[in-house]
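Structure first, then comments.
Nothing in this text is a laboratory measurement; each read-out follows from the coordinates by a stated rule. Keep in mind that what you see is a predicted model, and the values were worked out from it rather than measured. Positions of Cβ are generated from backbone atoms using ideal geometry, with glycine treated the same way; all protein chains shown enter the neighbour counts.
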Amino acid sequence: MQHKQADSDNSDLMPSAGVPADVAPHGHDRPEAAHGLTADADADLSDWQRVAVMDEFKKLVAAKRRFIIPATIFFIVYYFALPVLVGYAPKLMERRVFGVVNLAYLFALSQFFMAWLIAALYVRAAGRFDEMARSIISRLSKGGEN
Amino acid sequence: MSASLVMFLAFIAVTLWITWWAARKNTGSSAYFAAGRSLRAWQNGIAVAGDYMSAASFLGIAGIIAFQGYDGFMYSVGWLVAYLTVLLIVAEPLRNAGKYTMADVLAYRLSPRPVRAMGALSTLTVSTFYMIAQMVGAGALVSLLLRDTGISFSAAVISIGILMIVYVVFGGMLATTWVQIIKAILLMSGTILLSLLVLAHFGFSFGSFFEAIAHVTYHDAQGNPVTQNFLQPGLRYKPPYGALDLISLGLALIFGTAGLPHILVRFYTVPDAKTARVSVVWAMVIIGSFYILTTFLGFGAATIVGRDFIAKNGGTNMSAPLLAQALAGDLFFAFISAIAFATILAVVAGLTISASTSFAHDFWANVLKHGKGTALGEEVRVARVTAFVVGAVSILIAILLGPDANVAFLVALAFAVAASANLPVIVLSLFWRRFNTRGAVAGLATGLVSSLALILISPGIMKSNAIFPLENPGIVSIPLGFIGAFIGTLSGCEPRAEEKFTELSVRATTGLGAEKAVSH
């Protein structure tokens, strides 16, 4: 359910000067008339709080964490392995692999492909997150039968 | 040299025309500051790439590789991998929660006046640092190009500063974005062409190219010939502190990008979080390809031109243009120089706009004027005045630094400041419920002060008497920024900030209530 923005007094708690408020209001709005409220809304919860307790929202947060945390740890470890090895194991990194091309150069080059691969995997996973977010918002505008 | 002059003037005329065209379409704050939030993913992606591939990338990295080989390539790697931090952690939540600036996100949960004041200060600092590097590159370039006319480094820097002010004052974000797109395309084509010419020079044989890199000959400071394998790490970062310095540089690059105001502001120019994400991916493809090609620019300059010649003809920052001259003559040299010039002009315009937006929106409208009582259009007017001031300050410092500082090195310092001051507070405010106003102010202050102080006592400024042994302060100042934010947070309790965390996290995760595109 979308709250009405009838009065301008409390429509934006973080106003930007000289600009008409074109961002959704933060925090509570004037409540709907009593007969228009669902049981949830009658309990005087804002949209934000109602979303925050939805199972679907918790699932979305968990799904995002399951991807983002391991991916972040992986890329940070993979990336810092390069300066650490180059700095502390120079003999190993100077080993030649193809002709004069050494391990240090090949490892540096592989970082580019690692970054592209993780970006591609993330875009694929994020399609699923978008789907979940859309379904949460649509439930909200139907009155949140949660 | 007249061909180069003609090419310059042609490019400047075209971009000014775009500025004029965009100026007629500017119809309010959202249009001026955020291009009406109407950009498409590919447009924004190319613009992000354009903002990022500054003089530091084209002139600076090529220069470090040409002089110190493999160690310079480490800059290229860090600059791309950094985009994973942007993509995975900050781009989408920021788009969903913000309005125009980084401080908007902080002010969302926290007490607005102190965090906006600190946020504006750190944005101005990072942008000015970044801009000084661009000005140094531009000055060196223009004085090399027009050396027959006897133009000085200072005069070159001043004339570029004036052009930049014209861009920003009249064009705003939409014009800057289009200039950025055109420049990114030109820069990519120039780099591909140059790389092909390098390969052609070696008969399209990677074998003989790498063989040449492994045996580069130059003269050291005493004038003795030295033959060096340029693929070998450690030519720049030598013991005892070289390894730590490499890690410090890596930290600054990986965590600094996600705190750069002129990159963050780009995510407010698109209609939604999904477009923000896709534009990061576009940017990563372009930026990654570009940085792989720096192998050819840098090592090409090292093997074909040689560092002896570069050192006598404009210095480290001129490696890529001199490579063009060696491979295909004066006309191609002029073309590559015009691209480098365009690159600098466009990046400087992007930097100025983010700095002036932050000052006008965060400091003027929300701190000084308490978020009300400014007349329509006043914010835009203040932003224009700020652009003049920021431009003047960086012109001055660039002239003081002179043409010899490597621009990639200078820009990495801006990354270190951004990583130490901005990134800790952005991440903590998005993901830590307990985070509060004291934490944000303390984190911004410790990050900013410690990184600046360490730079001042580093070898880059104090040369051989340096108190702090590392070139880049990241490894010390980034943890300090986080510690400052933690201690500040734990010293106080702010129930309102914790309450608003629910709202912010719902908003950042689902995009509920995010600002939509404005048609214009």
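Please give the helix B:437-456 orientation as an angle from the longest Cα principal axis of chain B, in degrees from 0 to 90, rounded to the nearest 10. Value to nearest ten degrees: 20.
The loop-placed GluC sites (Glu not before Pro) in segment A:72-146, going by DSSP, that have at most 13 neighbouring Cβ atoms within 10 Å of their Cβ come out as A:E145.
Coupling constants for segment A:119-129 follow from the phi torsions by the Karplus curve (6.51 cos²θ - 1.76 cosθ + 1.60, θ = phi - 60°), and in residue order they are 4, 5, 4, 5, 4, 5, 5, 5, x, 5, 5 Hz; glycine and proline get x.
Put simply, the amide H of A:N102, placed in the peptide plane, has neighbours under 5 Å in A:V97, leaving out anything fewer than 5 places away on its chain. For each pair in A:K58/B:K500; A:K64/B:K183; B:K183/B:K312; B:K183/B:K369; B:K183/B:K238; B:K183/B:K463, compute the distance between the two Cα atoms and list the pairs where it is over 27 Å. In this structure, A:K64/B:K183; B:K183/B:K312; B:K183/B:K369; B:K183/B:K238; B:K183/B:K463 lie more than 27 Å apart at Cα. Need the C-alpha centroid separation for segment B:141-164 versus segment A:88-139, integer Å. Between the Cα centres of segment B:141-164 and segment A:88-139 lies a distance of 41 Å. Between the Cα long axis of helix B:273-300 and the first principal axis of chain B there is an angle of about 20°, rounded to the nearest 10. Counting only DSSP H runs of at least 4 residues, each contributing -39500 (n - 2.57), and dividing by the residue count of chain B, the helix-based mean residue ellipticity at 222 nm comes to -24000 deg cm²/dmol. Near the amide H of B:H219, within less than 5 Å, lie the amide hydrogens of B:V226, B:D308, all on another chain or at least 5 residues away, with H placed in the peptide plane. Whole-Hz Karplus values for segment B:410-419 come out as 4, 5, 4, 5, 4, 4, 5, 5, 4, 5 Hz, taken residue by residue from phi with 6.51 cos²θ - 1.76 cosθ + 1.60 and θ = phi - 60°; glycine and proline positions read x.
Computed over chain B, relative contact order equals 31 percent, with contacts defined as Cα pairs under 8 Å that lie 6+ residues apart.
3J(HN,Hα) along segment B:234-240: x, 6, 9, 9, 9, x, x Hz, from the Karplus curve 6.51 cos²θ - 1.76 cosθ + 1.60 with θ = phi - 60°, whole Hz, x for Gly and Pro. Cα centroids of segment B:440-512 and segment B:48-84: 25 Å apart.
Roughly how tilted is helix B:319-358, in degrees to the nearest 10 and between 0 and 90, from the longest Cα axis of chain B? Roughly 10 degrees, rounded to the nearest 10.
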